[in-house]
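Below is one structure, written out as structure tokens; the observations come after it.
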Amino acid sequence: MVDEATKLSLAKIPLLKTKAGPRDGELWISRLKEEYQALIKYVQNNKEADNDWFRLESNKEGTRWFGKCWYIHELLKYEFDVEFDIPVTYPTTSPEIALPELDGKTAKMYRGGKICLTDHFKPLWARNVPKFGIAHAMALGLGPWLAVEIPDLIQRGVVTHQEKKDSGAAS
């Protein structure tokens, strides 16, 4: 189910220890620190492998996450807003990652632009509670989804490349 490159990338993401969600007070603070450490390490690993593909930040409580993700196809960069909330039953329940601007453009998506992760990712997440976190959701959820869906959406003409409007911006 998971290719060797993904396994190697995944092995370099720290596993989390604290089983806590947003309602767990100080335990949630500990979990959030672990989440940030794992995300920072995953982003560093991606940059070292020349595979930088997302930026995330959260609200102060760590319950709402948002940022950008991008996919390079035929040397063109396709960029999308990404967002998700941490469920109250987290980490038992994985976050539902959304790309709102793609809402309704693919069958592998739910209302509000939430990507479909039911068949492959959710069972894997369930087997790895509480070790998996946001970095793992990006690596095993959003990353593979983008790799499959974006080229198809481009080929069908549903997604088109947008040039940067301001003259000094690099894609």
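For Asn128, no residue whose modelled amide H falls within less than 5 Å of its own remains once neighbours fewer than 5 places apart on the same chain are excluded. Using a cutoff of 8 angstrom between alpha carbon atoms and counting only pairs six or more residues apart, the relative contact order for the range 66-171 works out to 21 percent.
Less than 5 angstrom separates the built amide H of Ile86 from those of Arg64, Trp65, all sequence-distant by 5 or more or on a different chain. Element breakdown for the range 41-121 at a 1.4 angstrom probe: carbon and sulfur atoms account for 49% of the accessible area. Note that the range 1-56, at 25 °C in a medium of 0.890 mPa s, gets a Stokes-Einstein diffusion coefficient of 195 µm²/s from its Kirkwood radius over C-alpha pairs. Each pair of Cα atoms in the range 65-143 enters the Kirkwood radius, and Stokes-Einstein at 20 °C and 1.002 mPa s then converts it into a translational diffusion coefficient of 162 µm²/s.
Taking amide H atoms as placed 1.01 Å from N in the peptide plane, the amide H of Tyr110 lies under 5 Å from those of Ile115, Cys116, each 5 or more residues away in sequence or on another chain. Partners of Lys47 within straight-line reach, counting lysines whose Cα lies under 19 Å from its Cα and excluding those fewer than 8 residues away in the same chain: Lys7, Lys12, Lys68, Lys77.
For the chain, which span is the longest to avoid every loop-located (per DSSP) member of trypsin sites (Lys or Arg not before Pro) having at most 12 other Cβ atoms inside 10 Å? After excluding every exposed loop site, the longest remaining stretch is 61-110. Placing a pseudo-label 7 Å from each Cα along the Cα-to-Cβ vector at Ile72 and Lys105 gives an inter-label distance of 2.0 nm. The calculated Kirkwood hydrodynamic radius for the chain is 16.8 Å, given to one decimal from all distinct C-alpha pairs. Here the gap between Glu26 and Thr92, fully extended at 0.36 nm per residue and compared with their Cα-Cα distance, gives a gain of 22.0 nm.
Comparing Gly62, Gly141, Gly25 in a Gaussian network model of the chain (Cα springs below 10 Å), the most mobile by mean-square fluctuation is Gly25.
Pick from Ile40, Ile13, Ile134 the residue whose mean-square fluctuation is largest in a GNM of the chain, springs joining Cα atoms under 10 Å. The residue that fluctuates most here is Ile40.
For Cα pairs less than 8 Å apart in space and 6+ apart in sequence, what is the mean separation divided by the residue count of the range 1-108, i.e. the relative contact order in percent?
19
Within the chain, which is the longest segment that contains none of the GluC sites (Glu not before Pro) sitting in a DSSP loop with at most 11 other Cβ atoms within 10 Å? Result, exposed sites excluded: 75-162. Taking Val129, Val43, Val159 as the candidate residues, the one with maximal mean-square fluctuation in a Gaussian network model of the chain, Cα springs under 10 Å, is Val159. For the set His120, His161, solvent exposure ranked by accessible area (probe 1.4 Å, protein chains only) runs largest to smallest as His120, His161.
Accessible area per residue for the chain is 58 Å², calculated with a 1.4 Å probe on protein heavy atoms, without ligands, DNA or RNA.
The values are calculated or read from the model by the stated rules, or taken from the named source; none is laboratory data. Just so it is clear, the structure is predicted and the values come from calculations on it, not from any experiment. Every residue, glycine as well, gets a Cβ built from its backbone with ideal geometry; the counts of neighbours run over all protein chains shown. Areas reflect the complete protein model, heavy atoms only, side chains present, ligands, DNA and RNA absent. Shrake-Rupley method; radii C 1.70, N 1.55, O 1.52, S 1.80 Å.
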